[in-house]
Amino acid sequence: METEEVQELVSGKRVLHVKGFGVGFKDPVSAELMAVQQQQDQIAVQAINRFRPDFLVVDGDPFGSGFQRYIKVYVDRQVEAGLAVPKLVWVKSVKGSSPSPEELDRNKKKAREWADQGLHVVVSWLPEAAIAKGVDRLFGEGCWEKLQGHKFDFRGAVRLLEQAEPERPEWLRGLTDTASGGTMYEAIEAVEGSTCNRYFEKCSFENAAKGNAIYQHLRGEGREPAAQGAVSFGGGESVLLEFATLYLFPGSGFDAGQAALFPFRRGRPGDPALPAHQGHVFRSEKQLSPEDDEEDEDVKAAAGGA
């Protein structure tokens with residue numbers, strides 16, 4: 001589906017971009033981790049339910065055992081209750097303005113895997129040029145070219161905090177203006193100051209720019225969603241950068257109340273400790289009350305217990 005077509009499709013609708021770990025708990029799952037997994041399932045379903053999406057969005061990921069699991073659990077419970085199931089907009093990046101025959105053939109199976117889960121899938125193509133432009137806009141002019149030639153997991157090609165303060169990206173300088181942005185800044189400091197796996201991977205910059213590009217991809221003049229939210233159930237460095245540059249950056253124009261970042265973990269030593277954020281859309285009435293304005297205890301348990 002072309003950009004204008006998908007914008008027309010979601011115009012005036014409630015659209016939720018879902019992200020997180022691409023792979024979940026390792027099999028076999030211990031009894032302790034099984035309890036954590038079930039608890040995280042419940043939290044995820046509640047979060048999606050509270051947003052009340054007409055459309056779910058994923059960025060070209062194949063179906064797997066990570067955040068995809070939560071979408072599947074949500075869909076199954078909607079079906080069991082006799083309720084409507086949101087359509088899924090599957091946005092895949094391609095080299096040109098439209099997919100080549102090879103790209104089309106390669107991605108048919110991935111999109112079909114989502115349809116097999118009981119979802120009506122709408123495929124939309126995102127030109128790589130939009131991602132390249134976003135990398136330069138978010139991380140510095142010439143950044144895209146600087147990243148090329150490196151493997152996806154190469155670290156250190158771009159070092160955000162080693163730049164002088166005036167030369168840092170606008171979003172990085174503005175993060176500390178809010179409490180939630182400040183926690184994101186501290187998480188970035190932790191990555192760039194780590195003694196192990198120091199600095200961000202090449203693919204983290206590209207994926208964060210892709211998330212920004214998808215947000216704009218779904219919006220056109222006079223064709224904007226009624227609500228456009230984002231939720232991540234765990235995730236890695238690219239999720240951290242995407243939330244820092246868009247969803248939790250005060251200057252982006254995005255309403256942080258429409259975003260949620262649940263610091264789910266999978267019981268693996270390498271799982272990053274992401275800062276938690278629950279916008280008001282994802283909170284229960286109890287959480288929205290002045291005396292209970294923090295994330296509820298089950299979210300904390302699910303994050304720390306894994």
What is the spread of the Cα atoms of segment 209-249 along each of their three principal axes, largest first, in whole Å?
34, 17, 15
Computed on Cα atoms, the radius of gyration and Dmax of segment 163-207 in angstrom are 11.4, 29
Return the sequence-ordered ³J(HN,Hα) values of segment 190-199 in whole Hz as given by the Karplus equation 6.51 cos²θ - 1.76 cosθ + 1.60 applied to θ = phi - 60°, using x for Gly and Pro.
5, 5, 6, x, 5, 7, 10, 6, 6, 6
To the nearest 0.05, how large is the calculated FRET efficiency for GLN163 and SER30 if R₀ is 35 Å and r is the Cβ-Cβ distance?
0.20
Mind checking the full-extension length gain between GLU192 and ASP177? Use 0.36 nm per residue of separation minus the Cα-Cα distance, one decimal, nm.
3.4 nm
Using modelled amide H (1.01 Å from N, peptide plane; none on Pro or chain starts), what sits under 5 Å from the amide H of GLY156, excluding residues fewer than 5 places away?
PHE200
Subtract the Cα-Cα distance of VAL79 and GLN117 from 0.36 nm times their separation in residues, and report this length gain in nm to one decimal.
12.6 nm
So what's the net charge close to GLU242: Lys and Arg +1, Asp and Glu -1, counting the other residues with Cβ under 12 Å from its Cβ?
-1
A correct Kirkwood calculation over the Cα atoms of segment 3-102 returns a hydrodynamic radius in Å of 15.3
Calculated P(r) of segment 80-122 - Cα pairs past 13 Å, %
60
Across 5 Å bins from the origin, how do the percents of Cα pairs in segment 183-225 run, short distances first?
6, 18, 16, 18, 14, 10, 9, 6, 3, 1
Under a crude label model (7 Å from the Cα following the beta-carbon direction), how far is LEU104 from ARG268 in nanometres?
3.5
Could you work out what % of the accessible surface of segment 49-138 is carbon and sulfur, using a 1.4 angstrom probe and leaving DNA, RNA and ligands out of the count?
51
How large is the Kirkwood hydrodynamic radius of the chain, in angstrom, based on all distinct alpha carbon pairs?
19.9
Quick one: what are the phi-derived ³J(HN,Hα) couplings along segment 147-154, Karplus 6.51/-1.76/1.60 with θ = phi - 60°, whole Hz, x for glycine and proline?
7, 5, x, 9, 5, 4, 9, 5
Charge tally for neighbours of GLU103 with beta carbon under 13 Å away, counting Lys, Arg as +1 and Asp, Glu as -1, is +3
Quick one: if you stick a label point 7 Å off each Cα along the C-beta vector at LYS151 and ALA129, how many nm between them?
3.2
Near LEU56, within a Cβ-to-Cβ distance under 13 Å, what is the net charge of the other residues, with Lys and Arg +1 and Asp and Glu -1?
+3
Using DSSP loop states and a limit of at most 13 other Cβ atoms within 10 Å to flag GluC sites (Glu not before Pro), what is the longest stretch of the chain containing no flagged site?
3-140
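The values are calculated or read from the model by the stated rules, or taken from the named source; none is laboratory data. This one's a predicted model, so the numbers in the text were calculated from it and none came from an experiment. For neighbour counting, all protein chains shown are included, and Cβ atoms are generated from backbone atoms with ideal geometry for every residue, glycine included. With ligands, DNA and RNA removed, areas are computed over all heavy atoms of the protein, side chains included. Shrake-Rupley method; radii C 1.70, N 1.55, O 1.52, S 1.80 Å.
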